[in-house]
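A quick write-up on the structure given underneath.
The values are calculated or read from the model by the stated rules, or taken from the named source; none is laboratory data. Computed from a predicted model, the values in this text were never measured in an experiment. Here the Cβ is made from the backbone with ideal geometry for all residues, glycine too, and neighbour counts use every protein chain on show.
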Amino acid sequence: MITSDETLRIGVYVCHCGSNIAGTVDVEALTKFAEGLPHVALARHYKYMCSDPGQELVKRDIVEFGLNRIVVAACSPNLHEATFRRAAEDAGLNRFLVQIANIREQVAWVTEDRQEALEKAESHLGAAVRRVARHVPLQRQFVRIVPRAMVVGGGIAGIQAALTLAEAGREVILVEREPSIGGHMAMFDKTFPTLDCAACILTPKMTAVKLHPNIKLLTYSTVESVEGSVGNFRIKVKRKPRYIDESLCVGCMQCIDGCAFTRAKFPNAFDQGLGLRKPVWIPFPQAVPPVPVVDPEVCLQIARGKCKQGCVEACGERNAFRFDQQERIEEYEVGAVVVATGFHAFDPSVISYYGYGKYPNVYTSLEVERLLNAGGPTSGKLVLRDGSTPKRVGIIHCVGSRDANYHAYCSRVCCMYALKLAHLVREKTEAEVYNCYIDIRAAGKGFEEFYNRVQNEGVQFVRGKVADITPAAGQGTSAEGGLVMKVDDTLLGSIREINVDMVILAVALEPQADANQVRRTFGISCSAEGFFLEKHPKLAPVNTANDGVLVAGACQGAKDIPDTVAQADAAAAKALALIDAGQIELEPNTAWIEEDICSGCKTCINLCPYQAIRADEERKIAVVDPALCKGCGTCVAACPSGAARQHLFGDEQISEELEGLMNYV
Amino acid sequence: MNGEPKGKLALYWAASCGGCEIAVLAINERILDVDALFDIVFWPVAVDAKVHDVEKMADGSIDVCLFNGGIRTSEQEYMARLLRKKSKVLVAFGSCAHEGCIPGLANSTSRRRIFETVYHETPSTENTDHVEPQPSTAVPEGTLHLPVFYDTLRTLDQTVKVDYYLPGCPPEADRIWDAITAIVENNLPPPGSVIGAETTVCQECPRKRNEKKVKKFYRTWEIIPDEETCLLEQGLLCCGIATRAGCGARCPQVGSPCIGCYGPNEGIHDHGARMMAALASTIDSNDPEEIDRIIRDGIPDPVGSFYRFGLAASHLRRKKEAMIET
Ligand SMILES: Cc1cc2nc3c(=O)[nH]c(=O)nc-3n(C[C@H](O)[C@H](O)[C@H](O)COP(=O)(O)OP(=O)(O)OC[C@H]3O[C@@H](n4cnc5c(N)ncnc54)[C@H](O)[C@@H]3O)c2cc1C
Ligand code: SF4
Ligand code: SF4
Ligand code: SF4
């Protein structure tokens, strides 16, 4: 139904936005201009249209003057379109008969000359008036929300989010790529700044995940595809074969002892390759689930089809082994997703002057975390490659961070974990420790105090960038070899050469290697450095560009555990608010197919980025599922017969708007 | 209808090939019914009535005028205005009147270039005196007049108001008959309408279609398409997806891609733009260079492919003088 032109009564409201708009745009002249436009029954200007009195003005006029279209010339529709739609609806007008002319972001803030600003504002306003004349009333549409959430990534962020959701009584599916949840935190011995034992605080949470009736844990699994949208995601999860039936395994680990390999000989990735494992293995003793995995590359039975299968024998009547297990895809329906896929530790071998990978006693921080960990490859003894205890240890800060060649950003946790490592090294070895730093960044709660404490413990702080690491004279690159750190000590103002026998590189936190793929799967964006991008850094820090997909933890940017946990809870709360709403309002600007016109050519079918269109083979037409359509307009633009149409973006509405824009420029 | 006075019918032929005149006869013996229902008061190709006879008729005295051809000369413009004035219902008959058709493709060049080609450059032309037609030429006996040849071809409705459109190059006999029946039975859609279907050729095409993904376009002589699958999916530039139905999908049925003579579908203004938007979305590549190559190699003449019938009526209308090569 298009209101016939004679009955159109458009109300125009020009907002001053304090001086944001009025400072540049002559609002009185603009209002005068509006009065002269066709079908405009009334035009006003007001200081703050979005304020209660501003909205009241609109409501009163609708009733008093019988307005049937509203144009508000104010800020971006992203901010207050909803406000004015609601106001119109309160006054009995269909909410979609409102149009916003953005004269703040698109005019006032980007134009200096007052005359030009007025002309621009006139063209925007003219366009909105002509467009709104072609608006038709629309029904608001709602869809049911699946009251279940998925959490992707089982580091501390994912664990925390899953537990919070589960405790609130919601079903959660937790998807973890590795054989066990725990993420990086499970690798550490102690955590800064309080030095509490990582396992003591993490293991109970991991166990809680395992035991919680509301959590379905899918380890050794990744998300294959995401269809649908907020409230109704259909997610395919790829489950790698463990070759052990999780439901039958009791976690006795006897198979590992029984394995045909009597000694472990393959590097354990969880130990950064410092420890060894067998073909049937578990990353660390407290792994959740406590179910081993079989590595098909090296398992004799799987790789060569020939083994006496000591593992199966050890498993005995529990009979959990399944050598014929195949990769499988499972599908889940969820209302919201929390992406918590964490970070990747920077590989320092690309910085040649640090000699990582060349000099055996140059370690990454993660390697040292494993060495210090009581459950690690050395049972917590800090030793060099030859088994001896280091006596002089250099720790280099900012490796790969704050460096235009690698990552320009500060990784935020390296200073603090470097202090932690300094403390732990001294505690365990009494070695001389030199921390070479650019600045110490200790801005968190209790961080400065921790810094002071470590300083008082006798750690040497050298302010300067290490330029080079070389073998100590005459010692080659052998495992026993001592090293020399060459550092420009900016406090002393001289180049120092410090002899050490171990170097620890405090490596940067960077996006996961597959972050870009994960980003595409979930339809979210990345910032320039590759971390997942939040919708708004201040006002929507855990939301993303894709409604219903939330982010938490180090996948969104480098951060420590307290921040990660806080963010995880925020994401869980957002997810909860969403799935508890029961239903969700659909975008009004969805597409539909004019059935008589559609010829069933199928041009549109695979163009829809949200898989909202399908072909109805019987009727030979395309059909849009309004619950899935996000109103992107792709099909509308592509449909060669003009059958695909879109609410609020009809050809007539767009042409009128363009004509309006053009008329007044 | 018996006993009622006969209606008055006029037919005229402007810038077009003459196919539309033949098409009227393709309704076969039903032409006798037309004759029974109408007095044909003007039809230069078949009836001996002159322009001055039309000039003498009272305004609005012709019931229906089927006007084929676009407007390229001053004479055609005069006739369009004259017949508009004298007719109650003016029908743009066929693609040329409707949207310019092949004569309208010449809007991608200019009068100057057309004259150079036609009167000087073609190999069979010998024109040593460099004679070109002039609107007026003085001869001893007086002044001779020729119609002015315009730079741009206009469609009928870019010249006078048109009541109905009958698309097609030429319109299909059955559709012509539908239109005549609708006129006689006074069962016409609202003025300004196209008389015809509101869907596209694909709807009438029996070929099996899948989701469209095209990796390479072929010219028609390069492949023999399989008999069952959609031609576009086989890489032939079939305009059926964007072209108004009504022809019965004659071309694609015999393995020849639709070239778009029925023009855009209801509510679509720019046929070529629609076709391009749709094709752009079906090209199966994300690599800009590969996409460029697919288009360059497969569609060497985009204007001729997408605007073969509709250039004059499109948003583009014509090529800028400055862009026309000499
Ligand atoms: C050497 C070092 C020491 C540190 N020490 C401390 C400290 O003492 N105190 C402190 O507060 N912080 C410390 N941090 C920071 C701490 O590690 C992070 O804050 C924390 O690990 C972030 O947790 P997360 O869950 O976001 O990410 P992660 O711990 O990285 O966990 C991400 C999880 O997601 C999984 N995953 C990844 N991709 C996928 C996928 N596609 N599908 C499914 N699952 C996937 C991973 O396998 C992993 O289990 C340290 C960091 C480093 C590098
Ligand atoms: S507008 Fe069309 S392409 Fe876009 S989401 Fe909706 S149905 Fe899909
Ligand atoms: S592109 Fe248009 S005509 Fe073709 S199937 Fe889709 S909606 Fe129908
Ligand atoms: S061959 Fe042409 S007309 Fe037939 S379905 Fe394919 S695109 Fe449509």
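Values as computed for the structure displayed
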quantity: Qualifying residue in region A:611-622 (condition: over 15 Å from A:S229 (Cβ atoms) and among the β-branched types (V, I, T)); calculated: yes
quantity: Every residue from region A:627-653 that is in contact with a strand residue (DSSP E or B) (Cβ under 7 Å, 6 or more places away or on another chain) and either more than 10 Å from chain B (Cβ to nearest Cβ) or at positive phi (or both); calculated: A:A627, A:L628, A:C629, A:K630, A:G631, A:G633, A:A644, A:Q646
quantity: Positions within region A:318-353 being out of contact with any helix residue (DSSP H, G or I) (no Cβ under 9 Å at 6 or more places or on another chain), surrounded by fewer than 12 Cβ atoms within 10 Å (Cβ to Cβ) and touching a residue at least 60 places away in the same chain (Cβ under 8 Å), in sequence order; calculated: A:Q326, A:E327, A:R328, A:I329, A:E331, A:Y353
quantity: Any hit, region B:124-131, residues being among the acidic types (D, E), touching a residue at least 60 places away in the same chain (Cβ under 8 Å) and either assigned by TED's automatic domain parsing to the domain that holds B:H271 or over 19 Å from B:S74 (Cβ atoms) (or both); calculated: no
quantity: Single unsatisfied condition, A:A612 versus (1) within 11 Å of ligand 2 (Cβ to nearest atom); (2) surrounded by fewer than 22 Cβ atoms within 10 Å (Cβ to Cβ); calculated: (2)
quantity: Any hit, region B:135-152, residues being under 17 Å from the mean Cα position of the chain (by Cα) and either at pLDDT below 95 or within 22 Å of B:E99 (Cα to Cα) (or both); calculated: yes
quantity: Boolean, A:F261 is in a loop (DSSP other than H, G, I, E, B), aromatic (F, W, Y) and free of Cβ contacts under 8 Å to residues at least 40 places away in the same chain; calculated: yes
quantity: Members of region B:96-112 that are among the aliphatic types (A, V, I, L, M) and either out of contact with any strand residue (DSSP E or B) (no Cβ under 8 Å at 6 or more places or on another chain) or outside any helix (DSSP H, G or I) (or both); calculated: B:I102, B:L105
quantity: Residues (touching a Lys or Arg at 6+ places or on another chain (Cβ under 7 Å) and charged (D, E, K, R)) located in region A:317-334; calculated: A:E327, A:R328, A:E330, A:E331, A:E333
quantity: Residue check for A:A572: touching a residue at least 40 places away in the same chain (Cβ under 8 Å), more than 14 Å from chain B (Cβ to nearest Cβ) and crowded, with 22+ Cβ neighbours inside 10 Å; calculated: yes
quantity: Residue in region B:207-229 that is crowded, with 23+ Cβ neighbours inside 10 Å, facing another protein chain (nearest Cβ under 8 Å) and either within 16 Å of ligand 1 (Cβ to nearest atom) or under 17 Å from the mean Cα position of the chain (by Cα) (or both) present; calculated: no
quantity: Region A:561-597, residues that are within 14 Å of ligand 2 (Cβ to nearest atom), modelled with pLDDT under 90 and part of a strand (DSSP E or B); calculated: none
quantity: Matching residues, region A:599-615, being in contact (Cβ under 8 Å) with a residue 12 or more places away in the chain, of a type outside the set (S, T, Y), more than 7 Å from chain B (Cβ to nearest Cβ) and in contact with a strand residue (DSSP E or B) (Cβ under 7 Å, 6 or more places away or on another chain); calculated: A:C604, A:Q611, A:A612, A:I613, A:A615
quantity: Region B:267-280 - residue that is in contact (Cβ under 8 Å) with a residue 40 or more places away in the chain and over 16 Å from the mean Cα position of the chain (by Cα) and, of those, farthest from the other protein chains (Cβ to nearest Cβ); calculated: B:A273
quantity: A:G357 on the phi > 0 side of the Ramachandran plot and touching a helix residue (DSSP H, G or I) at 6+ places or on another chain (Cβ under 6 Å); calculated: yes
quantity: Test result for A:A637, under 37 Å from the mean Cα position of the chain (by Cα), modelled with pLDDT under 90 and either within 16 Å of ligand 4 (Cβ to nearest atom) or not assigned by TED's automatic domain parsing to the domain that holds A:A127 (or both); calculated: no
quantity: Counted residues, region A:640-662 - those being within 16 Å of ligand 4 (Cβ to nearest atom) and acidic (D, E); calculated: 0
quantity: Test: residue in region B:301-323 that is more than 12 Å from chain A (Cβ to nearest Cβ), under 23 Å from B:T152 (Cβ atoms), surrounded by fewer than 13 Cβ atoms within 10 Å (Cβ to Cβ) and among the hydrophobic types (A, V, I, L, M, F, W, C); calculated: yes
quantity: Residue match in region B:176-193 (condition: at pLDDT 90 or above, within 16 Å of ligand 4 (Cβ to nearest atom) and out of contact with any Gly (no Cβ under 6 Å at 6 or more places or on another chain)); calculated: no
quantity: Those residues of region A:1-43 which are within 17 Å of A:I103 (Cβ to Cβ) and in a helix (DSSP H, G or I), in sequence order; calculated: A:V27, A:E28, A:A29, A:L30, A:T31, A:K32, A:F33, A:A34, A:E35
quantity: Flag for B:R72 being closer than 13 Å to B:A14 by Cα, touching a strand residue (DSSP E or B) at 6+ places or on another chain (Cβ under 7 Å) and basic (K, R); calculated: yes
quantity: Residue pairs meeting the criteria (Cβ under 7 Å; at least 6 apart or on separate chains; first away from chain A (no Cβ under 14 Å) and closer than 30 Å to B:L232 by Cα, in region B:181-203; second at pLDDT 95 or above and surrounded by 19 or more Cβ atoms within 10 Å (Cβ to Cβ)); calculated: B:S193/B:Y164; B:I195/B:Y164; B:I195/B:Y165; B:I195/B:L166
quantity: Failed condition for B:G248, given (1) surrounded by fewer than 18 Cβ atoms within 10 Å (Cβ to Cβ); (2) facing another protein chain (nearest Cβ under 8 Å); (3) assigned to a loop (DSSP other than H, G, I, E, B); calculated: (2)
quantity: Number of the condition not met by A:V565 [criteria: (1) away from chain B (no Cβ under 14 Å); (2) over 30 Å from A:Q99 (Cα atoms); (3) surrounded by fewer than 16 Cβ atoms within 10 Å (Cβ to Cβ)]; calculated: (3)
quantity: Enumerated strands (runs of 3 or more DSSP E) restricted to region A:414-496, each holding at least 3 residues that are of a type outside the set (A, V, I, L, M) and in contact with a Ser or Thr (Cβ under 9 Å, 6 or more places away or on another chain); calculated: none
quantity: Inter-residue pairs, beta-carbon under 7 Å, first crowded, with 16+ Cβ neighbours inside 10 Å and in region A:23-41, second of a type in the set (F, W, Y) and in a helix (DSSP H, G or I), 6+ apart; calculated: A:A41/A:F65
